[in-house]
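**Q** Have a look at the structure that comes next, please.
The values are calculated or read from the model by the stated rules, or taken from the named source; none is laboratory data. This is a predicted model, so every value here is computed, not measured. Cβ placement follows ideal geometry from the backbone for every residue including glycine, while neighbour counts extend to all protein chains displayed. What goes into the accessible areas is simple: the full protein's heavy atoms, side chains included, and nothing from ligands, DNA or RNA. Shrake-Rupley method; radii C 1.70, N 1.55, O 1.52, S 1.80 Å.
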Amino acid sequence: MSNNITGHTGLLCLLGSPVAHSISPAMHNEACNLLGLDYTYLAFDVGVDQMKTAVEGLRTMNCRGWNITMPGKNIMCELADKLSPASEISGACNTVVNDNGVLTGHTTDGIGFMRAVKDCGEDIIGKKMTLLGAGGAATAILVQAALDGLREINVFNVRDGFFERAQSIVDKLNERTSCKVTLHDFSDPELLRASIADSHILVNGTSVGMAPNTDRTIITDTTMFHKDLFVFDVIYNPQETRLLREAKEAGCRTANGLYMLLYQGAASFELWTGQKMPVKEIKEKFF
């Protein structure tokens, strides 16, 4: 947040419901302070039925950009004038850049995941991933990983409301990228075991194991883990889920989704300002 708000101070913000718990205002305002940028980042509690009105207001007021959290990520795709390749394929948007009234939608969640993985010293480009889940976080990871050059991704999901949508996204990725992507029914444990066996990385993109249900895990048979496997859980509350604890006990390298949150924000920040977020300082203060 600008220390001295003036008539020149630019607006950045977050739309969604609920938003009061979000770390985004603190993170982005601190980054602006550190870089001497004259922006203020605010959070607005906006439901689905209010999203279109809010977006048109921000466009009219020349707000530089905003983040969108649930439940508005899919709706924002329909309201934007242009979409990044990842947003167009996934049908979701968590970041908007406003260039003189032209709204471009981006999804930075997958970028955040890829950078968090790299931050752990893992190189997954050209390698195989097993991805559990087909909801919002999992889809963002799937799309960005395929676009960035993974060799193969096996997606496992129960046959719920996400399954048909996931198949459509998988089909698009197979048409538009060199990554081989396949969607499987999670109910086949032997198929899952075979996929994990030759994967470099296993990702839990579901909420299984999140607080308060910390006794749950999506992999109940720990013999599926192997010492060459890197296990990433998008959950960061708790910071070590049962999945990560048992994977670590089996000799796997592990990481949670905390820095994915940081780096998706950093990617949004750079889209708006053209400057890199000072992530070292933001890490030290907030993470």
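**Q** Within the stretch 207-229, can one find any residue that is open to solvent by 20 Å² or more (accessible area, probe 1.4 Å), of a type in the set (Lys, Arg) and over 20 Å from Asp160 (Cα atoms)?
**A** yes
**Q** Additional query: Go through the stretch 59-74 and report how many residues are of a type in the set (Val, Ile, Thr), part of a helix (DSSP H, G or I) and surrounded by 18 or more Cβ atoms within 10 Å (Cβ to Cβ).
**A** 0
Conditions tested, residue by residue: (1) open to solvent by 20 Å² or more (accessible area, probe 1.4 Å); (2) on the phi > 0 side of the Ramachandran plot; (3) in contact with a Lys or Arg (Cβ under 6 Å, 6 or more places away or on another chain); (4) charged (D, E, K, R).
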site	(1), (2), (3), (4)
Leu244	no, no, no, no
Glu249	yes, no, no, yes
Thr254	yes, no, yes, no
Gly257	no, no, no, no
Leu262	no, no, no, no
Gly265	no, no, no, no
Trp272	no, no, yes, no
Gln275	yes, no, no, no
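**Q** How many residues are open to solvent by less than 30 Å² (accessible area, probe 1.4 Å), within 24 Å of Ile125 (Cβ to Cβ) and touching a strand residue (DSSP E or B) at 6+ places or on another chain (Cβ under 8 Å) when one looks only at the stretch 158-186?
**A** 6
Yes/no per residue for (1) modelled with pLDDT of 95 or more; (2) closer than 23 Å to Val170 by Cα:
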site	(1), (2)
Ile5	no, no
Gly10	yes, no
Leu37	yes, no
Thr40	yes, no
Ser90	yes, yes
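**Q** Being touching a Phe, Trp or Tyr at 6+ places or on another chain (Cβ under 9 Å), of a type outside the set (Val, Ile, Thr) and buried (at least 16 other Cβ atoms within 10 Å of the Cβ) narrows it down to one residue among Ala146, Ala140; which is it?
**A** Ala140
**Q** Could you say which residue among Cys93, Cys77 is touching a strand residue (DSSP E or B) at 6+ places or on another chain (Cβ under 7 Å) and either of a type in the set (Phe, Trp, Tyr) or buried (at least 23 other Cβ atoms within 10 Å of the Cβ) (or both)? Walk me through it before giving the result.
**A** Working: Cys77 fails: either of a type in the set (Phe, Trp, Tyr) or buried (at least 23 other Cβ atoms within 10 Å of the Cβ) (or both).
None of the others qualify; the one that does is Cys93.
**Q** Further question on the same structure: Could we say that Glu56 is open to solvent by less than 50 Å² (accessible area, probe 1.4 Å) and not aromatic (Phe, Trp, Tyr) here?
**A** Taking the combined requirement at face value, the residue does not satisfy it.
**Q** Say whether the condition of being of a type in the set (Asp, Glu) and within 16 Å of Glu122 (Cα to Cα) is met by at least one residue in the stretch 211-230.
**A** Yes, the stretch 211-230 contains a residue that is of a type in the set (Asp, Glu) and within 16 Å of Glu122 (Cα to Cα).
**Q** Looking at the stretch 246-283, which of its residues are more than 22 Å from Cys32 (Cβ to Cβ) and not hydrophobic (A, V, I, L, M, F, W, C)?
**A** Residues satisfying the conditions are Glu246, Lys248, Glu249, Gly251, Arg253, Thr254, Asn256, Gly257.
**Q** Still on this structure, I have one more. Which count do you get for residues in the stretch 129-152 that are touching a strand residue (DSSP E or B) at 6+ places or on another chain (Cβ under 7 Å) and of a type in the set (Val, Ile, Thr)?
**A** Adding up the residues that qualify gives 2.
**Q** To continue, here is another question. Look at the stretch 35-49 and say how many of its residues are assigned to a strand (DSSP E or B) and open to solvent by less than 60 Å² (accessible area, probe 1.4 Å).
**A** 4
**Q** Here is a further query. Which residues, counting only those in the stretch 80-90, are open to solvent by 40 Å² or more (accessible area, probe 1.4 Å), within 20 Å of Val143 (Cα to Cα) and not in a helix (DSSP H, G or I)?
**A** So in the stretch 80-90, the residues open to solvent by 40 Å² or more (accessible area, probe 1.4 Å) come out as 81-83, 85, 88.
Now narrow it down to the ones that are within 20 Å of Val143 (Cα to Cα): 82-83, 85, 88.
Lys82, Leu83 - these are the residues of the stretch 80-90 that are open to solvent by 40 Å² or more (accessible area, probe 1.4 Å), within 20 Å of Val143 (Cα to Cα) and not in a helix (DSSP H, G or I).
**Q** Next up: Anything in the stretch 11-33 that is crowded, with 16+ Cβ neighbours inside 10 Å, hydrophobic (A, V, I, L, M, F, W, C) and part of a helix (DSSP H, G or I)? List them, or say none.
**A** Hits for the stretch 11-33 are Met27, Ala31, Cys32.
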